[in-house]
Amino acid sequence: MKNQGFALAIFGTLFFLIDTGFAIQCWKCTSQTDATCRDYFNTTRILLNQRHMDAYSYGNLQPARTDPHLSPCDGMHTSTFGQFKNVCLKRVISTPNGLHEVHRECRMVHKDLRVGDCPDEILNNRPRDMEYCGTCEYDGCNSATTHSIAFFGLLPALLLLLEK
């Protein structure tokens, strides 16, 4: 019985480490298809709207998501020999009519890219009207809001370990 509790605690700890440690989640949207993707990016309002729409059934057809949503970047598992890493990317491009087009997405980049820098493949093919390009490496960081670390899921597993 003691061994089962210990094994459960270890499994729970590993599950939460893998879940939060390897899959960064980035906001994915473009202001071309959804105006809520523009700055000021109100993540609280977006999440409330998503909860409201989640109850709606589309039957067998699931429309492509164009609304801002958090998307897991799981390309990390396919990177070769650890040469690449996943980051969140935000780009702002000015349009001829004076508006700003905002793109938020996941991107796999070389592991040596510093936080805040723009990937070389974007800089080399940079549109003349790009005003901002930057990367970051924590969940939801390509929004305009702050983040909170969610390691509280580890607490029950750690308490089981300390109970021994």
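Of all residues in region 107-133, those satisfying the criterion of being closer than 15 Å to Val92 by Cα and either hydroxyl-bearing (Ser, Thr, Tyr) or touching a Gly at 6+ places or on another chain (Cβ under 9 Å) (or both) are Gly116, Asp117, Cys118, Tyr132.
Just the residues that are at pLDDT below 75 and among the aliphatic types (A, V, I, L, M), please, taken from region 54-94. Ala55, Leu61, Ala64, Met76 - these are the residues of region 54-94 that are at pLDDT below 75 and among the aliphatic types (A, V, I, L, M).
Each residue in region 10-34 was checked for being more than 14 Å from the chain's Cα centre (by Cα) and either exposed (fewer than 11 other Cβ atoms within 10 Å of the Cβ) or at pLDDT below 55 (or both), and 8 of them qualify.
The values are calculated or read from the model by the stated rules, or taken from the named source; none is laboratory data. All values reported here derive from a predicted model rather than from experimental measurement. Here the Cβ is made from the backbone with ideal geometry for all residues, glycine too, and neighbour counts use every protein chain on show.
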